[in-house]
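First up is the structure itself, then whatever we jot down about it.
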Amino acid sequence: MSKYIGIFFLNLFIGIILYFVLASLLMTGDNPAEEAINTFGFIIIVFLSFLIAQMYYLIYLVKKK
């Protein structure tokens, strides 16, 4: 199970790093809408990382049978 937790955090950190690198290149200025976009983007990255880890776990369960 720790393998899948590691996959989750690896995907999470890679996604966050890529998101903030690309956001800093594309978004400039002090805008409340920009902060909202960053917040929703971060939430989406967390959910997608969780889903990727769950898919690895499901693939493992199917291969085990």
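The values are calculated or read from the model by the stated rules, or taken from the named source; none is laboratory data. Bear in mind the structure is a predicted one, so any value in this text is a computation, not a measurement. Cβ coordinates were reconstructed from backbone atoms using ideal geometry, including for glycine residues, and neighbour counts include every protein chain displayed. Side chains included, ligands, DNA and RNA excluded: accessible areas come from the protein's heavy atoms. Shrake-Rupley method; radii C 1.70, N 1.55, O 1.52, S 1.80 Å.
When the residues of region 27-41 are narrowed to those that are open to solvent by 80 Å² or more (accessible area, probe 1.4 Å) and under 19 Å from residue 15 (Cβ atoms), which ends up modelled with the highest pLDDT?
The extreme case among them is 40.
So, in region 25-38, exactly how many residues are among the acidic types (Asp, Glu) and in a helix (DSSP H, G or I)? Lay out the reasoning, then the answer.
Residues of region 25-38 among the acidic types (Asp, Glu): 30, 34-35.
Adding the requirement that they be in a helix (DSSP H, G or I) leaves 34-35.
Of the residues in that region, 2 qualify.
On the given criteria, is residue 41 under 12 Å from the mean Cα position of the chain (by Cα) and assigned to a helix (DSSP H, G or I)? It would help to see each step written out before you state the result.
Details: under 12 Å from the mean Cα position of the chain (by Cα): yes; assigned to a helix (DSSP H, G or I): yes.
Answer is yes for this residue.
Checking the conditions here, which among 7, 52 is of a type in the set (A, V, I, L, M, F, W, C), in contact with a Phe, Trp or Tyr (Cβ under 6 Å, 6 or more places away or on another chain), part of a helix (DSSP H, G or I) and modelled with pLDDT of 80 or more?
Numbers: 52 fails: in contact with a Phe, Trp or Tyr (Cβ under 6 Å, 6 or more places away or on another chain).
Of the residues listed, the single one that is of a type in the set (A, V, I, L, M, F, W, C), in contact with a Phe, Trp or Tyr (Cβ under 6 Å, 6 or more places away or on another chain), part of a helix (DSSP H, G or I) and modelled with pLDDT of 80 or more is 7.
Of the numbered conditions (1) surrounded by 11 or more Cβ atoms within 10 Å (Cβ to Cβ); (2) in a loop (DSSP other than H, G, I, E, B), residue 22 satisfies every one except a single condition; which is it?
(2)
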